[in-house]
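Below is one structure; the comments refer to it alone.
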Amino acid sequence: MSTALSILYLSLNEEDVFGQSLESVQSIADEIVVIDSGSSDSTVQIAESAGATVYHRPLKNWGEQRNWGLEKCQHPWILVVDCDEVCTAELIESLKEWKQSEHHEQQPYSFKRVHFFKGKRMNFSGLQNDYVVRLLPKGVKYEELNVHEKVHSSSKRLKGNMFHYTYKNAVHWEQKFRTYAKRQALDYEKKVGRIGLYYLNVKPSWRFFKHYIIKGGIFDGSRGFEYALWMYRAVKWRYIEVNKLRIK
């Protein structure tokens, strides 16, 4: 007996890499489900042309949206993929081999995600050991956070990588991180103390130092410096948004 597999995507204006991502999973997909939260580009058309079932639903938070999407998947196992991620041939072969058996266990599977920044692979910068839990048995849920939702579970490892092409340009990344900051502020507002110099200067500076020095970003050259600088901004913007929530 084999295992049927659903592929789940959440989408919002993801036309750049989405077609390549969908093509990478076609050979293992028994069903492709896309939950779109209002795309104005060709994202929906790309999904439909790949045979996906598309649901239109406003985004409350990423964790809740993923959990809603998991319920829409018909098969007992679901592979969760972001629209800017592409499965490598090695990962697809691992998944094909996995599918050949019947699986009744409730432990998810993880694999390595490899990040690309400004068109080149990042080998350090804190991105070198990013293992993501993405192959899930029906019933496993995400923590319902506004940003960086996760599955809290131990996992088994699969061979192969997933390539992550998250960077388009500086304007796109600033917009992305400012949006993340507003959403993260909703998660952090009750967790942190008064927003002063510690949150606005020390924590962002520590994040830069962590990515650039401790995690080896210096060995990624100028891209490592730029990436660490974006992480500095992301942390600073997050706490600025927390402060905005408190003074409304």
- prompt: What angle do you read, to the nearest 10 degrees and between 0 and 90, between the alpha-carbon axis of helix 170-188 and the longest principal axis of the chain?
  reply: 90
- line: Once the dipole of the chain is set up from charges on Cβ (+1 Lys and Arg, -1 Asp and Glu), the residue from the list Ile240, Thr179, Ser42 lying farthest towards its positive end is Ile240
- line: In Å³ per residue, the alpha-carbon convex hull of segment 110-248 encloses 133
message: I'd like the Kirkwood hydrodynamic radius of segment 110-153, using the inverse of the mean 1/r over distinct C-alpha pairs, in Å.
response: 12.3
query: Under a GNM of the chain (C-alpha, springs under 10 Å), which listed residue has the highest mean-square fluctuation: Ile218, Ile35, Ile78?
result: Ile218
query: Cross-link list Lys72/Lys176; Lys176/Lys244; Lys118/Lys215; Lys60/Lys190; Lys150/Lys190: which exceed 23 angstrom alpha carbon to alpha carbon?
result: Lys72/Lys176
field: Residues Ile92, Ile195 arranged by fewest to most Cβ contacts within 10 Å
entry: Ile92, Ile195
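Work out the P(r) tail for segment 35-177: percent of alpha carbon pairs separated by more than 17 Å, whole number.
I get 67 percent for the Cα pairs in segment 35-177 exceeding 17 Å.
Report, to one decimal in Å, the Kirkwood hydrodynamic radius for the chain based on all distinct Cα pairs.
One decimal place: 19.2 Å for the Kirkwood radius.
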- prompt: Could you name the aspartates and glutamates in cross-link range of Lys138, using Cα to Cα under 16 Å and dropping any fewer than eight places away on the same chain?
  reply: Asp30, Glu31, Glu64, Glu71, Glu102, Glu105
- line: Final fewest-first order of Asp36, Asp84, Asp30, Asp220 on the 10 Å Cβ neighbour count is Asp30, Asp84, Asp36, Asp220
DSSP bridge orientation in the chain - percent antiparallel, rounded to nearest 5: 35
- prompt: Which translational diffusion coefficient, to the nearest whole µm²/s, is obtained for segment 22-115 from the Stokes-Einstein equation, given a Kirkwood hydrodynamic radius over C-alpha pairs, 37 °C and 0.692 mPa s?
  reply: 223
- prompt: Taking the Cα centre of each part, how many Å lie between segment 11-81 and segment 113-166?
  reply: 17
task: Tell me the label-point distance for the pair Thr166, Ile247, using the 7 Å Cα-to-Cβ offset, in nm and rounded to one decimal.
output: 2.9
task: Taking H placed 1.01 Å from N in the peptide plane, check which residues at least 5 places from Phe117 or on another chain put their amide H under 5 Å from its amide H.
output: Met122
statement: Least to most buried among Phe117, Phe219, by other C-beta atoms within 10 Å and fewest first, runs Phe219, Phe117
field: Computed Rg/Rh of segment 170-246, alpha carbon atoms with Kirkwood Rh
entry: 1.01
message: Can you tell me, using C-alpha contacts under 8 Å and at least 6 residues apart, the relative contact order of segment 143-246 as a whole percent?
response: 34
- prompt: What value, in deg cm²/dmol to 500, does the helix sum -39500 (n - 2.57) over DSSP H runs of n ≥ 4 give at 222 nm once divided by the residues of the chain?
  reply: -12000 deg cm²/dmol
field: Partners for Lys210 among lysines (Cα-Cα distance below 17 Å; same-chain residues under 8 apart left out)
entry: Lys236
query: If you project the alpha carbons of segment 134-173 onto the principal axes, what extent comes out on each, in Å, largest first?
result: 38, 28, 15
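Only the coordinates and a few stated rules stand behind these numbers; no lab work does. Keep in mind it's a predicted model, so treat the numbers as computed, not measured. Glycine also receives a Cβ, built like all others from the backbone with ideal geometry; neighbour counts cover every protein chain displayed.
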